[in-house]
Amino acid sequence: MKKKKNWSVYVVRCKDGSLYTGISNDVKHRVKSHNSGKGAKYITVARRPVKLLYVEEGFDVGGALKREYAIKHSGKPAKELLVKRKRKAKMNDDQIFEKKKELFECARCGNCCEVPGYVFINIKEAQIMAKALAMPYDEFYEKNVRKVGHQHVLKTPFKGGCIFWKDKKCTIYEARPSQCRTFPYWKELTTDHNEWKEIEKYCEGAKRIKF
Ligand code: SF4
Ligand code: SF4
């Protein structure tokens, strides 16, 4: 006879901050029991209430016991990582985007300024940049901007790198255009795991984000 795979392994956070791992075929009910003092001995008055943080489903009872044992003996840091990862997995794309945006701080490493590619600007941004350099707009445009189709892009005088990247720094940082200000927390980059891994390889600011 096929074994029923209706058992789950769960982890709860106790009031004192500790993590408790258990198994059940009705996790919600089990958590209620913990909070009414009818569950495990470990969950004493001082440790109640508990909060459910993590559930793995689809085990038969033997499999659930094995998994419970593995989690219980993995140590506190590993358990914390497990529940944290799950919390992250529960975030939707908008939440991941907002979180990375909030935590990101440009380290000014310049690695995004050296890679070949277009830095698109609009006329208003060109005017702001010209003003920051105390240059007449036409002169600024002639020297630093070119057209690609109908769009304006910063010139790339060396191996595709930006014209304003000189002596290992952006010489117009405070007036840099929106494309630079918002890189790399563009939604398509922040929410695609593989894209973000690539960004982390060279963007020092992205590497520092931990959540
Ligand atoms: S404007 Fe500054 S920040 Fe933007 S690509 Fe050029 S050098 Fe880098
Ligand atoms: S690669 Fe990242 S940290 Fe470096 S300058 Fe660009 S945005 Fe800033």
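Only the coordinates and a few stated rules stand behind these numbers; no lab work does. If you're wondering where the values come from, they're calculated on a predicted model, not measured in any experiment.
Here are a few things to note about the model shown:
- Scalar couplings 3J(HN,Hα) for the stretch 114-119, obtained by applying the Karplus form with A = 6.51, B = -1.76, C = 1.60 to θ = phi - 60°, are 8, 6, x, x, 8, 10 Hz; x denotes Gly and Pro.
- Helix-only mean residue ellipticity at 222 nm for the chain, each DSSP H run of n ≥ 4 adding -39500 (n - 2.57), per residue, nearest 500: -12000 deg cm²/dmol
- The alpha carbons of the stretch 111-207 stretch over 43, 30, 24 Å along the principal axes, in descending order.
- Extension gain, residue 70 to residue 38: 0.36 nm times the residue separation minus the Cα-Cα distance gives 9.1 nm.
- The stretch between residue 114 and residue 135, if pulled fully straight at 0.36 nm per residue, gains 5.1 nm over its current Cα-Cα span.
- Global geometry of the stretch 74-131, whether rounded, prolate or oblate, following the gyration tensor of its Cα atoms and the 1.5 cut on a/c: prolate
- Here's how it looks for residue 163: its modeled amide H is under 5 Å from those of 155, which are all 5 or more places away or on a different chain.
- Excluding same-chain neighbours fewer than eight residues apart, the lysines reachable from residue 207 by a Cα-Cα span under 20 Å are 84, 88, 99, 100, 101, 168, 169, 187, 197.
- Gained length - residue 6 relative to residue 61, 0.36 nm times residue gap less alpha-carbon distance: 19.0 nm
- For the stretch 53-164, the fraction of C-alpha pairs more than 20 angstrom apart is 66%.
- For the stretch 48-169, share of DSSP beta bridges that run antiparallel, in % to the nearest 5: 100
- Relative frequency of Cα-Cα separations exceeding 21 Å in the stretch 7-90, percent: 24
- Cα gyration tensor shape for the chain, rounded if a/c is under 1.5, else prolate or oblate: prolate
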